[in-house]
1. When you check ILE275 against the structure, is it outside any strand (DSSP E or B) and of a type in the set (Val, Ile, Thr), yes or no?
2. Please specify each residue of the range 134-143 satisfying the condition of being within 15 Å of GLU170 (Cα to Cα) and either touching a Phe, Trp or Tyr at 6+ places or on another chain (Cβ under 9 Å) or open to solvent by 10 Å² or more (accessible area, probe 1.4 Å) (or both).
3. Can you tell me which residue within the range 206-225, out of those that are of a type in the set (Val, Ile, Thr) and part of a helix (DSSP H, G or I), is surrounded by the most Cβ atoms within 10 Å (Cβ to Cβ)?
4. I'd like the full set of residues that are of a type in the set (A, V, I, L, M) and farther than 20 Å from GLY77 by Cα, limited to the range 9-50.
5. Of the numbered conditions (1) surrounded by 14 or more Cβ atoms within 10 Å (Cβ to Cβ); (2) closer than 23 Å to ASP115 by Cβ, GLU249 satisfies every one except a single condition; which is it?
6. When you check GLU249 against the structure, is it assigned to a loop (DSSP other than H, G, I, E, B), within 24 Å of GLU111 (Cβ to Cβ) and not small (Gly, Ala, Ser), yes or no?
7. Go through the residues of the range 229-244 one by one and say whether even a single one is closer than 14 Å to ILE275 by Cα and among the hydroxyl-bearing types (Ser, Thr, Tyr).
8. Mind listing whichever residues of the range 190-205 are in contact (Cβ under 8 Å) with a residue 12 or more places away in the chain, open to solvent by 30 Å² or more (accessible area, probe 1.4 Å) and of a type outside the set (Lys, Arg)?
Amino acid sequence: MIDIITSINKMRYVSEKKRSEGILIGLVPTMGALHEGHLSLVKRASEKTDFVVVSIFVNPTQFAPNEDFTAYPRNIGDDARKIELAGADCIFAPEKSNMYPEGYATYVAVERLTDGLCGHSRPTHFRGVTTVVTKLFNIVYPHVAVFGQKDAQQHAVIKRMVKDLDMPVEIDVGPIVREPDGLAMSSRNSYLSAEERRQTVSLYRSLCLAEELVSSGITGSEDIIRKVRAVIAEQDRAKIDYIEIVDPEEMTPVDDVRGGGLLALAVWFGDARLIDNIVLSGKDS
Ligand code: PAF
């Protein structure tokens, strides 16, 4: 059975020992409730490094008080089986009280890139992400950390943090893994009713439409967004949070995708707030 480490000191000890033996460490940070998307990141980490750690920690600081921290699905037994099969070497699953002991007062915040998109409706979210990811880097000492493209703003923010703070870790990004009908895999898909799940297909359909529009020569962001919005708005269960086209690194709005752009969206279906995105490459990119 795969080793599940819960102690911060033990994890540090294991990682320090591996490093001293010249072994490359890969980290896949997760909040558990693993699906094929996470497992593809584990496989990616195994190809790039010798010792793969998957962290499982539902991080309270990235949830606002009105969000789904308590409801977030947790099943460490099931996750451990999947992680072992995917070829990881150990799980780091710390307790909340050890990650954020009484008196905890320190946060890492990336500015500007976190203002828009998800940062607009979740203003404290990225501060929680960058704080916990920094802590994980300081405990696991990974050479490479792997994140998913589905969370495009998250990995842009983390890359900026790593660059700005001179963190000695390479950030690698794995592609979005989709269900056969195109819905991006997400732990939050389990919140969907059958009807909501049926309607979520509109998300991928709208992203494909955006790609087709660009191929046919329509490159103005306003036009593309209007058409994408219309596809999703046809669904009576969909509540659009945002649909935007931005620079994939800076997260600033892009008016025309001739030089490329990231179309990112967040849409509520019932209790599930789903995010998805597509990289649009225009003529000049
Ligand atoms: O993407 C996630 O699951 C989380 O935001 C992360 C990176 C594990 C930090 O809690």
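1. no
2. Our first condition is that a residue be within 15 Å of GLU170 (Cα to Cα); within the range 134-143, this holds for 134, 136-138, 140-143.
Result: THR134, LEU136, PHE137, ASN138, VAL140, TYR141, HIS143.
3. ILE224
4. Let us first name the residues in the range 9-50 that are of a type in the set (A, V, I, L, M), namely 11, 14, 23-25, 27-28, 31, 33-34, 39, 41-42, 45.
Hits for the range 9-50 are VAL14, ILE23, LEU24, ILE25, ALA45.
5. The single condition GLU249 does not satisfy is (1).
6. Values: assigned to a loop (DSSP other than H, G, I, E, B): yes; within 24 Å of GLU111 (Cβ to Cβ): yes; not small (Gly, Ala, Ser): yes.
Yes.
7. yes
8. The answer is SER190, TYR191, SER193, GLU195, VAL201, TYR204.
The values are calculated or read from the model by the stated rules, or taken from the named source; none is laboratory data. Predicted model only: the values in this text are computed from it and were never measured. Cβ coordinates were reconstructed from backbone atoms using ideal geometry, including for glycine residues, and neighbour counts include every protein chain displayed. Surface areas here come from the heavy atoms of the whole protein model, side chains and all, with no ligands, DNA or RNA. Shrake-Rupley method; radii C 1.70, N 1.55, O 1.52, S 1.80 Å.
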